[in-house]
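Below is one structure, written out as structure tokens; the observations come after it.
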Amino acid sequence: MTGLAIAAHGLRKAYGDKTVLDGIDLSVPEGTVFSLLGPNGAGKTTTVNILSTLISPGPGSGEIRVGGHDLAADPQAVRAAIGVTGQFSAVDGLITGEENMLLMADLHHLSRRDGRRVTAELLERFDLVEAAGKPASTYSGGMRRRLDIAMTLVGSPRIIFLDEPTTGLDPRARHNMWQIIRELVTDGITVLLTTQYLEEADELADRIAVLSNGRIAAEGSADELKRIVPGGHVRLRFTDPAVYQAAATALRDVTRADEALALQLPSDGSQRELRAILDRLDDAGIEADELTVHTPDLDDVFFALTGKPGVPTQTDKSKETAR
Amino acid sequence: MSAVSLAVRDSATMLRRNLLHARRYPSLTLNLLLTPVMLLLLFVYIFGNTMSAGLAGGGSGRSAYIAYIVPGILLMTIGSTVIGAAVSVATDMSEGIIARFRTMAIHRGSVLIGHVVGSVLQSVASVVLVGAVAVAIGFRSTDATALEWLAAFGLLTLFALALTWIAVGMGMASPNAEAASNSAMPLILLPLISSAFTPIDAMPGWFQPIAEYQPFTPAIETLRGLLLGTEIGHNGWLAVAWCLVLAALGYRWSTASFRRDPK
């Protein structure tokens with residue numbers, strides 16, 4: 001499949017004077033996981049709400065197509081193609097988990113028999129069989145989130161929006177949820193995921209867009225994003241102090257760690273830079289005992305791009321460790 | 001599936017959901033039922049002897065007063081029940097499940113229609129219950145024909161439909177359950193300034209037009225005419241007109257609020 005599940009151009013939204021989305025473009029290929037990463041208030045939920053037809057796009061927005069349907073012209077067709085699990089649990093707390101599932105089956109116009117079958121399958125798959133007869137309001141956070149996703153899956157949507165699916169979950173429930181999301185993708189479903197956890201985007205997403213103040217600050221795979229930010233370095237470790245000294249003189253711009261017999265060179269980790277370093281070592285006839293490339297992690301990317309004050313950059317951290 | 005059958009099917013699903021809520025948590029409905037029953041007993045047994053003195057016949061005693069106030073109490077029962085609709089709509093709208101419904105390919109109005117039909121059914125059930133209490137304490141209709149009973153039932157249902165749509169609009173406009181309960185309060189207070197408990201001509205002259213033309217009085221007078229054989233006159237079409245206007249207004253108000261972007 002080569003089509004785009006989501007294609008949005010110049011998405012805008014403002015509430016009064018406050019601009020929430022300031023013209024963002026998104027294209028999400030079918031069958032991939034796309035993550036919107038950003039701090040609170042960056043516009044993640046607003047984006048999901050617009051793409052899922054919950055709120056209307058602001059004036060001046062460009063064309064938005066979801067599942068191949070024009071959002072403005074045919075919102076019902078969009079709705080038929082999508083499933084949404086919002087940030088706040090979209091379950092009916094007054095009725096039981098099973099009744100919630102059957103409600104969804106009815107609203108998707110499944111026959112009574114199909115509705116019961118799908119409900120039983122999904123309750124089983126999401127480990128909710130035991131709790132099925134209890135009111136959803138008595139569920140734990142993780143259970144409620146699982147029920148929420150199970151309800152979303154009743155209509156077999158091709159595109160699923162998950163707005164901060166793991167916020168507020170304990171680590172076990174969180175990993176559980178990650179597993180669920182991975183399984184969705186193997187079924188060929190397109191997932192648009194918002195998160196404020198970089199680790200989560202790194203784990204799950206094929207592509208990541210970093211959202212900051214209503215704009216996309218950067219977009220790419222996790223690795224591409226990490227390369228954007230300076231602060232990566234190459235670390236060379238030696239066992240022989242003499243070789244260490246020789247290397248320190250042969251290479252320029254090194255940060256020395258005499259105790260550890262380790263040298264650090266700033267580098268983006270690209271092939272060209274690595275070759276240059278290796279060439280210089282070869283010319284001097286030096287062989288390092290260990291060579292590691294450190295790329296900045298997504299936290300560095302995130303803070304560099306979203307401009308959070310008071311957070312040390314990667315270079316600061318490196319200096320500290322080198323001292 | 002055609003648009004109409006989609007609307008019917010989704011609304012029926014939403015109705016089942018609302019009836020399930022009402023069955024699981026009957027306290028709201030039962031509390032609201034208490035008010036008209038208490039008022040009925042209060043006015044009949046505590047105030048009855050004094051109040052009946054002001055009736056046209058004069059001094060005909062408690063049983064005449066029962067007959068006089070039952071039509072008003074029945075309509076007040078509806079006013080009380082629909083407060084429940086305002087509260088449950090406001091509560092529902094603050095739930096995440098509504099956001100889910102909005103992003104599903106279902107009939108847009110089905111959520112509200114489910115609430116309205118559910119509330120009308122509850123109103124009818126409440127009217128039957130309160131009516132049973134009235135009969136138990138001595139209310140008897142005077143020679144009402146089957147057709148008149150049917151018309152009375154129809155009027156009560158139509159009145160319930162009208163007030164429910166208004167209450168749903170109030171629920172949509174309210175940020176939470178408390179606010180919804182407050183804004184729907186007039187629906188149970190209006191009967192107090194109608195001909196429910198005292199004849200209009202016993203009220204101050206300047207106030208009489210207000211009492212006479214507010215929605216409850218024509219409906220009460222029509223119901224009285226149907227069940228007790230009093231003069232209906234222009235109150236019949238006035239009551240029906242009020243119901244249709246209120247239902248249309250409430251419907252437009254509610255659906256427009258629902259179509260608006262949620263906050």
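The values are calculated or read from the model by the stated rules, or taken from the named source; none is laboratory data. This one's a predicted model, so the numbers in the text were calculated from it and none came from an experiment. Here the Cβ positions follow ideal geometry from the backbone for every residue, glycine too, while neighbour counts run over all protein chains shown.
Of the numbered conditions (1) in a helix (DSSP H, G or I); (2) buried (at least 17 other Cβ atoms within 10 Å of the Cβ), residue B:198 satisfies every one except a single condition; which is it?
So the condition that residue B:198 fails would be (1).
Which numbered condition trips up residue A:212, out of (1) in contact with a helix residue (DSSP H, G or I) (Cβ under 9 Å, 6 or more places away or on another chain); (2) within 26 Å of residue A:81 (Cα to Cα); (3) in contact (Cβ under 8 Å) with a residue 40 or more places away in the chain?
Condition (2) is where residue A:212 drops out.
Residue A:120 is checked against (1) free of Cβ contacts under 8 Å to residues at least 24 places away in the same chain; (2) more than 16 Å from residue B:99 (Cα to Cα); (3) hydrophobic (A, V, I, L, M, F, W, C); (4) within 14 Å of chain B (Cβ to nearest Cβ) and fails just one. What number does that condition carry?
Evaluating residue A:120 over (1) free of Cβ contacts under 8 Å to residues at least 24 places away in the same chain; (2) more than 16 Å from residue B:99 (Cα to Cα); (3) hydrophobic (A, V, I, L, M, F, W, C); (4) within 14 Å of chain B (Cβ to nearest Cβ) leaves (4) as the failure.
Out of segment A:43-81, which residues are part of a strand (DSSP E or B) and either on the phi > 0 side of the Ramachandran plot or more than 22 Å from the chain's Cα centre (by Cα) (or both)?
A:69, A:70
Regarding segment B:100-113, can at least one residue be identified that is more than 14 Å from every other protein chain (Cβ to nearest Cβ) and more than 17 Å from residue B:156 (Cα to Cα)?
yes
For residue A:182, indicate whether it is within 27 Å of residue A:305 (Cβ to Cβ) and among the basic types (Lys, Arg).
yes
Just checking, how many residues over segment A:82-107 are assigned to a loop (DSSP other than H, G, I, E, B) and within 8 Å of chain B (Cβ to nearest Cβ)?
Going through segment A:82-107 one residue at a time, the tally reaches 9.
Scan segment B:1-32 for residues that are of a type in the set (Ser, Thr, Tyr), more than 25 Å from the chain's Cα centre (by Cα) and modelled with pLDDT of 85 or more and report the count.
Here the count works out to 1.
From the list B:75, B:42, which one is modelled with pLDDT of 85 or more, away from every other protein chain (no Cβ under 14 Å), under 22 Å from the mean Cα position of the chain (by Cα) and loosely packed, with under 12 Cβ neighbours inside 10 Å?
It is B:42.
Filter segment A:123-139 down to the residues that are without any contact (Cβ under 8 Å) to a residue 12 or more places away in the chain and not acidic (Asp, Glu), then identify the one that is farthest from the other protein chains (Cβ to nearest Cβ).
A:129
Quick one: is residue A:195 touching a Leu at 6+ places or on another chain (Cβ under 8 Å), at pLDDT 90 or above and of a type in the set (S, T, N, Q)?
The answer is yes for residue A:195.
Have a look at A:304, A:284, A:276 and point out the one that is in contact with a helix residue (DSSP H, G or I) (Cβ under 7 Å, 6 or more places away or on another chain), among the small types (Gly, Ala, Ser) and not assigned by TED's automatic domain parsing to the domain that holds residue A:32.
Checking each option against the conditions leaves just A:284.
So residue A:147 ticks every box in (1) surrounded by fewer than 22 Cβ atoms within 10 Å (Cβ to Cβ); (2) within 12 Å of another protein chain (Cβ to nearest Cβ); (3) in a helix (DSSP H, G or I) but one. Which box is left unticked?
(1)
Identify all residues within segment A:52-81 that are touching a Leu at 6+ places or on another chain (Cβ under 8 Å) and facing chain B (nearest Cβ under 9 Å); write none if there are none.
Within segment A:52-81, A:53, A:78 qualify.
Between B:166, B:137, B:193, which is hydrophobic (A, V, I, L, M, F, W, C) and within 20 Å of residue B:91 (Cβ to Cβ)?
Answer to the check: B:166.
Applying the selection to segment B:1-11, what residues are within 10 Å of chain A (Cβ to nearest Cβ), surrounded by fewer than 19 Cβ atoms within 10 Å (Cβ to Cβ) and either charged (D, E, K, R) or in contact (Cβ under 8 Å) with a residue 12 or more places away in the chain (or both)?
B:6, B:9
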